[in-house]
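Below is one structure; the comments refer to it alone.
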Amino acid sequence: MNKTSSVAGAPKQMTFRRSKTRVSDKIIPILLGMCALLSVVTTIGIVYTLLQESIIFFKEVPVWSFLTGTTWSPILPPKEFGVLPLLGGTLLITGIAILFAVPIGLACAIYLNEYAPARVRGVVKPVLEVLAGVPTIVYGYFALEAVTPFLQKIFPDMGIFNALSAGIVVGVMVLPMISSLSEDAMRAVPKTLRHGAYALGATRFEVALKIVLPAALSGVVSSFVLAFSRAIGETMIVTVAAGATPQLTLNPLESIQTMTSYIVQVSMGDVPRGTIEYGTIFAVGLTLFVITFLLNILAQWVARRFREEY
């Protein structure tokens, strides 16, 4: 009797499972689509907010004079709205960071991928990635309280606030991004390429530089571009350690101001809403958004252009 009832109930259970699967197949794509749509709507909202306030600002200040002016003094008279000093300070910090992070990050990636034993790699890589989780305000005070005093022993004329210490610490911040992404790209290279090179008598260093690195070039270069984009958008390190002096200079020992640190400075609530000074926040933010957007497009193009398929 029990066997008969269990056999009779089996088709009902199968029907229930099929109906449940059909419902989940309909609901899950809708939820995933809503998540994708949310990111698109958020991006559109950011662009709309920036454009709305920036258009009001550019009705008062010509776009050409904003992009080519060499003096930035939007608060104190005589008021000048040339963004080049902020852009120059941003690129100076970013350049120092990339010059510091790229060689070290690439060397770490090559070591972890080609030389490090599995046990060492299992310890070193997580430790490197922990750096990505350190709050940037901590990095900022590390630059101000530790890096700057050390550099002042080498450069006595260096001020407390300077581009060099801020740039180096921004480089430390983006170092895990370069090393981790580059190492992942190198690890994706087929082992048959390595074995073929070893069979021809190549050394491990030659395999790393002449076989693995060119084969993983797309991912490695993409990591550089993404790190560049991340460094441009950094805020708290440069706000704490680089100072607030908007000037066009290539001297890393001087105080400078970046676009992000200016936005922080003016966003404290002292500037009345609706004024031209308030509009500078969105004009500078729009400029920063366009730069990072173009860099992300560049990273995608590089990934497609130099991709190797095996």
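The values are calculated or read from the model by the stated rules, or taken from the named source; none is laboratory data. The structure presented is a predicted model; accordingly, all values stated were derived computationally and were not measured. Here the Cβ positions follow ideal geometry from the backbone for every residue, glycine too, while neighbour counts run over all protein chains shown. Note: accessible area is taken over every heavy atom of the protein model, side chains too, but ligands, DNA and RNA are not part of it. Shrake-Rupley method; radii C 1.70, N 1.55, O 1.52, S 1.80 Å.
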- request: Starting from residues that are aromatic (Phe, Trp, Tyr) and open to solvent by 30 Å² or more (accessible area, probe 1.4 Å), keep the ones in the range 137-165 and report whichever is nearest to Thr258 (Cα to Cα).
  value: Phe161
message: Quick check on this structure: which one of Leu250, Leu217, Leu213 is touching a residue at least 40 places away in the same chain (Cβ under 8 Å), over 16 Å from the mean Cα position of the chain (by Cα), open to solvent by 50 Å² or more (accessible area, probe 1.4 Å) and more than 23 Å from Glu80 (Cβ to Cβ)?
response: Leu217
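May I ask you to verify whether Ser179 is in a helix (DSSP H, G or I), small (Gly, Ala, Ser), in contact with a Lys or Arg (Cβ under 9 Å, 6 or more places away or on another chain) and at pLDDT 90 or above? Steps first, please.
Working: in a helix (DSSP H, G or I): yes; small (Gly, Ala, Ser): yes; in contact with a Lys or Arg (Cβ under 9 Å, 6 or more places away or on another chain): yes; at pLDDT 90 or above: yes.
Criteria met by Ser179.
Restricting to the range 59-118, name every residue that is among the aromatic types (Phe, Trp, Tyr), under 30 Å from Ala132 (Cβ atoms) and more than 22 Å from the chain's Cα centre (by Cα). Don't jump to the end; show me each part of the working.
Pass one, the range 59-118, residues among the aromatic types (Phe, Trp, Tyr): 64, 66, 72, 81, 100, 111, 115.
Okay, now just the ones that are also under 30 Å from Ala132 (Cβ atoms), so 100, 111, 115.
Within the range 59-118, Tyr111, Tyr115 meet the criteria.
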query: In the range 29-83, what residues are polar (S, T, N, Q) and within 17 Å of Tyr262 (Cβ to Cβ)?
result: Ser54, Thr70, Thr71, Ser73
- request: Identify, by number, the condition in (1) open to solvent by 70 Å² or more (accessible area, probe 1.4 Å); (2) touching a residue at least 60 places away in the same chain (Cβ under 8 Å); (3) not hydrophobic (A, V, I, L, M, F, W, C) that Lys191 doesn't meet.
  value: (2)
query: If you go through the range 133-141 one residue at a time, do you hit one that is touching a Leu at 6+ places or on another chain (Cβ under 8 Å), assigned to a helix (DSSP H, G or I) and either free of Cβ contacts under 8 Å to residues at least 24 places away in the same chain or not polar (S, T, N, Q) (or both)?
result: no
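I'd like to check something: does the range 270-280 contain any residue that is among the aromatic types (Phe, Trp, Tyr) and crowded, with 19+ Cβ neighbours inside 10 Å? Walk me through it before giving the result.
Step one: of the range 270-280, the residues among the aromatic types (Phe, Trp, Tyr) are 278.
When the remaining residues are screened for being crowded, with 19+ Cβ neighbours inside 10 Å, the result is none.
Among the residues of the range 270-280, not one is among the aromatic types (Phe, Trp, Tyr) and crowded, with 19+ Cβ neighbours inside 10 Å, which makes the answer no.
Inside the range 72-99, can you point out the residues that are open to solvent by 70 Å² or more (accessible area, probe 1.4 Å) and either assigned to a loop (DSSP other than H, G, I, E, B) or closer than 18 Å to Pro246 by Cβ (or both)?
Step one: list which residues in the range 72-99 are open to solvent by 70 Å² or more (accessible area, probe 1.4 Å), which gives 75-80, 91, 99.
Of everything in the range 72-99, those that are open to solvent by 70 Å² or more (accessible area, probe 1.4 Å) and either assigned to a loop (DSSP other than H, G, I, E, B) or closer than 18 Å to Pro246 by Cβ (or both) turn out to be Ile75, Leu76, Pro77, Pro78, Lys79, Glu80, Leu91.
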query: Taking helices (runs of 4 or more DSSP H) that fall entirely within the range 216-310, which contain at least 1 residues that are over 23 Å from Gln52 (Cβ atoms) and of a type in the set (Asp, Glu)?
result: none
field: Close pairs from the range 52-72: first under 12 Å from Gly88 (Cα atoms), partner open to solvent by 60 Å² or more (accessible area, probe 1.4 Å), Cβ under 6 Å, at least 6 apart
entry: Thr70/Leu248; Thr71/Glu80
message: If I filter the range 260-269 for residues that are touching a residue at least 12 places away in the same chain (Cβ under 8 Å), open to solvent by 70 Å² or more (accessible area, probe 1.4 Å) and under 24 Å from the mean Cα position of the chain (by Cα), do I get at least one hit?
response: yes
field: Sole exception among (1) modelled with pLDDT of 85 or more; (2) open to solvent by 40 Å² or more (accessible area, probe 1.4 Å) for Gln257, by number
entry: (2)
task: Filter the range 100-136 down to residues that are open to solvent by 50 Å² or more (accessible area, probe 1.4 Å), over 30 Å from Glu206 (Cα atoms) and touching a Ser or Thr at 6+ places or on another chain (Cβ under 9 Å), then give me how many there are.
output: 1
